[in-house]
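Trainee: Quick one: the structure is below, and I'll ask about it shortly.
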Amino acid sequence: MSLSIEVAVSKGQSHHDFSCSLLSKAQQSQLRGLLEKGLPTTSQPYQHLAEQISNVNNPVNENMVIEQISLWQEQGLIRRFGLVVKHRKLGFNANAMVVWNIPDEQVDMVAKALSQCQEVSLCYRRPRRLPDWPYNLFCMIHGTEREVVLQQIDGITNGLSLSHIEKNVLFSTRAFKQQGARYGKQHNIVQRGSNE
């Protein structure tokens, strides 16, 4: 089957037209459903997915699955493709979200520095919610012992000369269900799993 798609280029108003051999609509729906459950834990997960959605009339191979996923990424249907680690099951129970009130003109520079720290597993910017929530930069540090995590935060704060910056350390008290985005018809909006 051949499908023609239009992809908007971010700069200017120009568009590119791509024609490529893709999966049938039914196979695309099946693949979306399978991806929502996570990749199979095999040495060839895309081949395994291809075998699950392939049929006599429309055979599917590993490259077609990879091509379809890449296309969805280009279209913005899949924004991130990554691993969900259930860190509590691995013994990481001292998990701290450090929230920072960084001056807007410095937030990109500080975020870059924080994200390069080995202890920081993720770092992202969010809008302030004044007057109650002045914080605009968040970073997560996972650890097995609360005291060690606090020492790591002190080390990062001092090492990056952030002692003068207002911050708060929020340790998680429970884990929520972690899952990827849901894209099926049963969902009116894209749902994202909560991470701590």
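The values are calculated or read from the model by the stated rules, or taken from the named source; none is laboratory data. This is a predicted model, so every value here is computed, not measured. Positions of Cβ are backbone-derived with ideal geometry, glycine not excepted, and every protein chain shown enters the neighbour counts.
Trainee: From the list VAL99, VAL60, VAL56, VAL110, exactly one residue is touching a Lys or Arg at 6+ places or on another chain (Cβ under 9 Å) and on the phi < 0 side of the Ramachandran plot. Which is it? Full working, then the answer.
Mentor: Working: VAL60 fails: touching a Lys or Arg at 6+ places or on another chain (Cβ under 9 Å); VAL56 fails: touching a Lys or Arg at 6+ places or on another chain (Cβ under 9 Å); VAL110 fails: touching a Lys or Arg at 6+ places or on another chain (Cβ under 9 Å).
Just a single option satisfies the conditions, and that option is VAL99.
Trainee: Where residues in region 23-39 are in a loop (DSSP other than H, G, I, E, B) and under 18 Å from the mean Cα position of the chain (by Cα), which of them is surrounded by the most Cβ atoms within 10 Å (Cβ to Cβ)?
Mentor: My answer is LEU39.
Trainee: Only one of GLU166, GLU145 is surrounded by fewer than 19 Cβ atoms within 10 Å (Cβ to Cβ), touching a strand residue (DSSP E or B) at 6+ places or on another chain (Cβ under 9 Å), under 21 Å from LYS86 (Cα atoms) and of a type outside the set (Gly, Ala, Ser); which?
Mentor: The unique qualifying residue is GLU145.
Trainee: Suppose we filter region 44-99 for residues that are part of a helix (DSSP H, G or I) and charged (D, E, K, R); how many remain?
Mentor: Matching residues across region 44-99 total 6.
Trainee: When you go through GLU62, GLU119 one by one, which is the residue that is under 19 Å from GLN28 (Cβ atoms), at pLDDT 95 or above and touching a helix residue (DSSP H, G or I) at 6+ places or on another chain (Cβ under 8 Å)?
Mentor: GLU62
Trainee: Let me ask something else about it. Among the residues of region 7-31, write down those that are closer than 19 Å to ASN63 by Cβ and modelled with pLDDT under 90.
Mentor: Result: PHE18, SER19, CYS20, SER21, LEU22.
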